[in-house]
């Protein structure tokens with residue numbers, strides 16, 4: 001199952017060097033060693049976590065771009081597709097259902113995406129964006 005992430009991540013940045021190239025990356029970090037279930041109108045732990053896929057990153061399609069570009073308009077990750085298919089080879093972000101994740105934004109000083117692992121970078125987390133990945137909604141009557 002593959003779906004667009006909703007709501008999409010949208011943020012603004014400032015303080016970047018105007019004439020330096022940056023790549024912007026979205027990472028989905030697992031934030032609990034538990035599986036969750038929805039019970040009594042809240043998410044509660046329901047056993048140990050399953051193994052996680054390493055495919056939890058999405059490079060913004062404008063990357064690399066100058067600091068002036070990133071600061072001139074909101075950065076929107078509106079084309080990110082999420083899947084629970086661990087065999088996915090389409091560049092989708094692979095998540096495990098019923099596990100809790102925290103989006104993290106990386107701003108990486110490089111003009112070459114192949115250099116991302118070694119380039120200077122900063123990461124930003126927005127606690128209000130944590131979520132539990134689901135594959136289906138069950139509505140009780």
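Computed from the coordinates by the stated procedures, all read-outs in this text should not be read as laboratory data. For clarity, every value in this text was computed on a predicted model and none was experimentally measured. All Cβ positions, even for glycine, are placed from backbone atoms using ideal geometry, and neighbour counts span all protein chains on display.
When only Cα pairs below 8 angstrom with a gap of at least 6 residues are kept, the stretch 2-132 shows a relative contact order of 35 percent. The stretch between residue 14 and residue 57, if pulled fully straight at 0.36 nm per residue, gains 13.2 nm over its current Cα-Cα span. Of the residues 5, 28, the one with the fewest other Cβ atoms within 10 Å heads the list, and the complete ranking is 5, 28. Sequence-distant contacts, meaning Cα pairs under 8 Å at least 6 residues apart, place the relative contact order of the stretch 62-141 at 28 percent. Note that the stretch 1-68 carries a Kirkwood radius of 15.5 Å, evaluated over its alpha carbons pair by pair. The convex hull around the C-alpha trace of the stretch 63-141, projected and averaged over every direction, spans 7.7 square nanometres. Using only the C-alpha atoms, the convex hull of the chain corresponds to 125 Å³ per residue. Spin-label model, residue 97/residue 37: points 7 Å from Cα along the beta carbon direction are separated by 1.4 nm. Reported to the nearest whole Å, the Cα centre-to-centre distance from the stretch 53-132 to the stretch 18-32 is 5.
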